[in-house]
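Trainee: Please find one structure pasted underneath; my questions will follow.
The values are calculated or read from the model by the stated rules, or taken from the named source; none is laboratory data. Every value quoted in this text rests on a predicted model; they were computed, and no experiment measured them. Note: ideal-geometry Cβ built from the backbone for every residue, glycine included; neighbour counts use all protein chains shown.
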Amino acid sequence: MCGIAGFLDPRRRFDTRRAADLARAMADRVVHRGPDAGGAWADEAAGIAFGHRRLSIVELSAAGAQPMISASGRSVLSYNGEVYNPEELRPELEARGIRFRGHSDTEVILEAFEACGVVATAKRLIGMFALAWWDGRERTLWLLRDRIGKKPLYYGRLGGTVLFGSQLKTLMAHPDWEGVIDRDALAGYLRFGYFPAERSVFRGVRQLRPGTALSIRLDGPDAGEPTEHVYWDPYEIAARPPLALNGHELTDALEELLADAVRRRMVADVPLGAFLSGGIDSSTVVALMQKQSTRPVKTFSIGFAEASYDEAPYARAIAKHLGTEHTELYVAPEAALELIPRLAEWFDEPFADASQIPTLLVAELARRHVTVALSGDGGDELFAGYERYGIQQRRQMLSWVPQGVRRMYREKLFPLLPKGMLGRRLSYSLSLPWKERYAEEMCFIPAFEREMPLLTPEFRATLAEGGNPCEILMRYFEQAPAHDPISQMLYVDTKTYLVEDILTKVDRMSMLTSLEVRVPILDHLFVEWVTQLGPEWKMRGDKQKYIFRKLAERVGVPKEVLYRPKQGFALPLVHWMRHEMKDLILGVLLDPRTLQRGYFDPAGVRRLLDEHFRGRRNSSGHIWRLLIFELWHRNFLETFTSRFGDSESCAPTAAAAGPA
């Protein structure tokens, strides 16, 4: 696992040494992603330069160093990721006369690109990756991202130069960096808590879409114009007829596919372990690991003193049942709170999933013992594990109620119900058409936001110019090849929430500790197969993840784990916000510096905080988003960037930062 960076400058302003030094400086911004070694390469005549930071996992010798030049000298690769099937490609390449210098997957990918092409090779790779490949013969830069989006890759054309890198801070080291806040994208953050649709907080910079290759030619009539090549979309498979298998046959196939995905991800030249939260997904992965291991698997979990958030006892019981070598850490609020001011610096942009903190803590714990850890991420998005899927099932019981009656309830009767009434919010949600209900939850639009605006009228007006970010969800609904609501929601979740929230969180927090995290449930062969299952195998009655629970039971996960209520991997945020975090929240959000930026309405913020701390509403979600956004301003735009000398170019203009 590594960090990459680089640029393509058609103006060729730098000599080879200066270009290589600049690419190295860009990559060094993410030294935590690759603390073991660094390198750079440049071609003055083409205006191209690559930088690289290396976390050594396979082929620990210098034969795995990057950027890597091909045996022919034609091309160069800078690669972040891990491919689990190089042994399938290597013999084919050797049959073509290629002689390998080492046994790294990097070298296999590099030589396969020359021999077979980028898109054809991408379709053969099993793993996670984000990479840049320079084809010197065709004078073309290729960027490539894995099918699911496990590894990040930002790019943009700024000042005539194409910049790219694993994180935004790599791009900021280049003199062409502009750093203007994209207000349209900011509207997405305020709705979703992350930046959707491959956007970033900065104008002109985006993420490469998962399952996509991007080519940029240096010469010819289309020189400098990026061309996208989509090489994979799992839900094209969903258009096929559902698998005609019975429950036993389905469970057999699931076990075989997931066991193979786990086996591939247990190959490493460094110590390996797994996260064990006490939930179904991680427990199933660990059970399959232990079946294939000759020694106890090293497992890691964290716990909290607040019992309703503490899954550590379940993880401990599962570890004992499976026979793993288990390590756990109980987290005091003070330890977690110390991390909050630096979250924005680590993510480079506002990111409001509070489970980023326990993710970082368990990654830190694991890194003390191992360099690679497997996780159970992805099960909820493949097998309908969230409560919103269950609500959809309950909605179907109300299908006899005419839409006109539901509309009258929302518009006429609902506003008259006492605030705080039990079931008031749920009844409103159930009255919505199902796509609107999904969008309202994912876009974080609780009813009280209409009663208590938190943004200034001027800033709301500037955001409105960019349109409604929730329309992104509707566009994905239109693209979904499946017809039933459950499968369509799974499609939209996989395209948005899974990539931009879950996988972003896991990547940033694990790589911050220089830990490689592998996700077998999101093996693309497993994903493709699961998408062919009908919704009745994922939701059956009120039982979520139906067939996956059957698999978990078969591989040895105890029933008391399988059928207990879902907790999720989260902080005791509501409790901490009213106690340990109170001074931090009030000190930041009521600071005149915060309220004078032009983003937040002072009266709305004061009312929000007052009602939350009095216990009249649970506003922890809104408060967290506002807090993270302001801390990003302070600790990234104003502190981190100035430390590297970019504060002037990165600071937003008055128009970009908010209304005058």
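Trainee: Can you find, within segment 100-126, the residue that is surrounded by the most Cβ atoms within 10 Å (Cβ to Cβ) among those that are within 23 Å of Ile216 (Cα to Cα) and touching a residue at least 60 places away in the same chain (Cβ under 8 Å)?
Mentor: So, considering only residues that are within 23 Å of Ile216 (Cα to Cα) and touching a residue at least 60 places away in the same chain (Cβ under 8 Å), the one surrounded by the most Cβ atoms within 10 Å (Cβ to Cβ) is Ala122.
Trainee: On to the next question. Given the criteria at pLDDT 80 or above, surrounded by fewer than 20 Cβ atoms within 10 Å (Cβ to Cβ), in contact with a Leu (Cβ under 7 Å, 6 or more places away or on another chain) and part of a helix (DSSP H, G or I), does Pro358 qualify?
Mentor: So Pro358 does not fit the description; no.
Trainee: Assess whether Ile98 counts as being part of a loop (DSSP other than H, G, I, E, B), under 21 Å from Thr170 (Cβ atoms) and modelled with pLDDT under 95.
Mentor: For Ile98, the condition - part of a loop (DSSP other than H, G, I, E, B), under 21 Å from Thr170 (Cβ atoms) and modelled with pLDDT under 95 - is not met.
Trainee: Here's a check for you: in segment 123-160, which residue that is among the acidic types (Asp, Glu) and part of a loop (DSSP other than H, G, I, E, B) is nearest to Pro10 (Cα to Cα)?
Mentor: Restricting to residues being among the acidic types (Asp, Glu) and part of a loop (DSSP other than H, G, I, E, B), the top hit is Glu138.
Trainee: Of all residues in segment 473-530, how many are closer than 17 Å to Phe275 by Cβ, part of a helix (DSSP H, G or I) and of a type in the set (S, T, N, Q)?
Mentor: The qualifying residues number 2.
Trainee: Out of all the residues in segment 500-510, is one or more surrounded by 23 or more Cβ atoms within 10 Å (Cβ to Cβ) and hydroxyl-bearing (Ser, Thr, Tyr)?
Mentor: Checked segment 500-510: at least one residue is surrounded by 23 or more Cβ atoms within 10 Å (Cβ to Cβ) and hydroxyl-bearing (Ser, Thr, Tyr).
Trainee: Might you let me know whether segment 285-299 holds any residue that is within 30 Å of Asp260 (Cβ to Cβ), of a type in the set (D, E, K, R), modelled with pLDDT of 90 or more and more than 26 Å from the chain's Cα centre (by Cα)?
Mentor: Yes, some residue in segment 285-299 is within 30 Å of Asp260 (Cβ to Cβ), of a type in the set (D, E, K, R), modelled with pLDDT of 90 or more and more than 26 Å from the chain's Cα centre (by Cα).
Trainee: Please verify whether segment 241-251 includes one or more residues that are outside the structural domain of Arg145 (by TED's automatic domain parsing) and in contact with a Phe, Trp or Tyr (Cβ under 6 Å, 6 or more places away or on another chain).
Mentor: No: segment 241-251 contains no residue that is outside the structural domain of Arg145 (by TED's automatic domain parsing) and in contact with a Phe, Trp or Tyr (Cβ under 6 Å, 6 or more places away or on another chain).
Trainee: Could you list, in sequence order, all residues of segment 568-596 that are surrounded by fewer than 18 Cβ atoms within 10 Å (Cβ to Cβ) and either assigned to a loop (DSSP other than H, G, I, E, B) or among the charged types (D, E, K, R) (or both)?
Mentor: Scanning segment 568-596 gives Gly568, Ala570, Arg578, His579, Glu580, Lys582, Asp583, Leu590, Asp591, Arg593, Gln596.
Trainee: Among the listed residues Gly188, Gly224, identify the single one that is touching a residue at least 40 places away in the same chain (Cβ under 8 Å), farther than 29 Å from Ala71 by Cβ and in a loop (DSSP other than H, G, I, E, B).
Mentor: Gly224
Let's see how each residue does on (1) assigned to a strand (DSSP E or B); (2) touching a strand residue (DSSP E or B) at 6+ places or on another chain (Cβ under 6 Å); (3) in the same structural domain as Ser56 (by TED's automatic domain parsing):
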residue: Gly6; (1), (2), (3): yes, yes, yes
residue: Arg13; (1), (2), (3): no, no, yes
residue: Leu22; (1), (2), (3): no, no, yes
residue: Ala27; (1), (2), (3): no, yes, yes
residue: Ala40; (1), (2), (3): yes, yes, yes
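Trainee: Provide a single number: the residues in segment 23-54 that are more than 26 Å from the chain's Cα centre (by Cα), farther than 15 Å from Trp133 by Cβ and not hydrophobic (A, V, I, L, M, F, W, C).
Mentor: The number of residues fulfilling the criteria is 3.
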